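What follows is a single structure, written as structure tokens, with notes after it.
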Amino acid sequence: MAKHSKTPTALYEKDGVKQPDSVNQSVAQNVKQFRRKQPSANELVEGILKGDKIALSRAITLIESTNTEHLDKANEVIQGCLPHANQSVRIGITGVPGVGKSTFIEAFGKYLTAIGKKVAVLAVDPSSSISHGSILGDKTRMEELVKDENAYIRPSASGDSLGGVARKTRETIILCEACGFDTIIIETVGVGQSETAVHSMVDFFLLLKIAGAGDELQGIKRGIMEMADTIVINKADGDNIAKAKLAKTEFNRALHLFPAKNSGWTPKVTTCSAYEKTGIDQVWQIIADYFELTKENQYFEHKRQEQNQYWMLETINEQLKNRFYSHPEIKILLEQNKKAVQNNEISPFAAAQILLEKYFK
């Protein structure tokens, strides 16, 4: 039998230079150790008070966690930050999808940091009712503001809370204030239920509109218009300037149909172009005038006190609901009653009464 030739053939390939690992194992191990080591509540509070954005982000993640084990630690962080909070102005911004909220907030935020303000943007992103996922793309949209040292952007998924803002957003405001941010901006998911929740946690409520999209008719509708402290008509540029001016006149007429506000403030209407960054200074001037008036007539503090009471009651409602549905015996009884209700063996009201009586025994 002939021996195999050891002479290299055309198919023979020499061993090449060994490529280094794509991941430095030493660095990867250090990152794992860092992630595994969770900072204590006191360490998070100390970091927040020093203006550390990483500590702030980790604390917000703790607050947003649905893990019941994190609740006590989150409350400890909030309690530590509370004495250093309430030193900011809180602005809620809403508008229909496509009105340019993210573009406006970036232009507005850059203007504020340019005049010496520290801005925190809490952007509530809608969660899918099917997959329960959320894009959280606000940092991508606000690419200039996200690089600003005096700005902080935190997108959060709305989840299943009312309009995407509830206790978690309220407590995030406290942490941002303790971290030294003097202007808090809350962007809502769009016109709907979220406006009620946002209105109950901000000092000033700004409604963004666009001209030429049938919005003039919406101007005479109640609800969202009654909550607005100012209406800003965005995209007032190019061929749209004349339409924006006309819309401004229409909205001014509509605002006169509403009753006077308890704050003594008369809502204003103005135009701007977030894309061209024009009219942004006028928006801030309106907001500054509002705060000057409401602090002078004591309404600012009165509204904050009312909001604190409101959120105490809301938290009680939320905790009661969570504890009810997580009760082991209620879980079993609930499934039984669901089937009985579906089969028309018992009325929904009677089933609910049985469950509640069982829980409160």
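Within region 34-91, restricting attention to residues that are charged (D, E, K, R) and in contact (Cβ under 8 Å) with a residue 40 or more places away in the chain, which residue is farthest from PHE204 (Cα to Cα)?
Among residues in region 34-91 that are charged (D, E, K, R) and in contact (Cβ under 8 Å) with a residue 40 or more places away in the chain, the one farthest from PHE204 (Cα to Cα) is ASP52.
Is it the case that GLY180 is of a type in the set (Gly, Ala, Ser) and at pLDDT 90 or above? The answer is yes for GLY180. For region 340-361, a residue qualifies if it is surrounded by 11 or more Cβ atoms within 10 Å (Cβ to Cβ) and either basic (Lys, Arg) or in contact (Cβ under 8 Å) with a residue 60 or more places away in the chain (or both), and exactly one does: LYS358.
On inspection, ALA288 qualifies as among the small types (Gly, Ala, Ser), within 30 Å of THR103 (Cα to Cα) and part of a helix (DSSP H, G or I). Does GLY159 satisfy the criteria of being part of a loop (DSSP other than H, G, I, E, B), over 25 Å from GLY80 (Cα atoms) and modelled with pLDDT under 90? So GLY159 fits the description; yes.
I'd like the full set of residues that are among the polar types (S, T, N, Q), over 17 Å from LEU207 (Cα atoms) and surrounded by fewer than 13 Cβ atoms within 10 Å (Cβ to Cβ), limited to region 243-279. Answer for region 243-279, where residues must be among the polar types (S, T, N, Q), over 17 Å from LEU207 (Cα atoms) and surrounded by fewer than 13 Cβ atoms within 10 Å (Cβ to Cβ): just ASN262.
Based on this model, can you work out whether ASN337 counts as out of contact with any strand residue (DSSP E or B) (no Cβ under 6 Å at 6 or more places or on another chain), surrounded by 17 or more Cβ atoms within 10 Å (Cβ to Cβ), over 30 Å from THR113 (Cβ atoms) and not assigned by TED's automatic domain parsing to the domain that holds MET225? So ASN337 passes the test. Filtering region 283-317 to residues that are within 21 Å of the chain's Cα centre (by Cα), outside the structural domain of TRP265 (by TED's automatic domain parsing) and β-branched (Val, Ile, Thr) leaves only THR315.
The values are calculated or read from the model by the stated rules, or taken from the named source; none is laboratory data. Worth saying up front: this structure is predicted, and the values here are computed from it rather than measured. With ideal geometry, Cβ positions are generated from the backbone for all residues, glycine too; neighbour counts draw on all protein chains shown.
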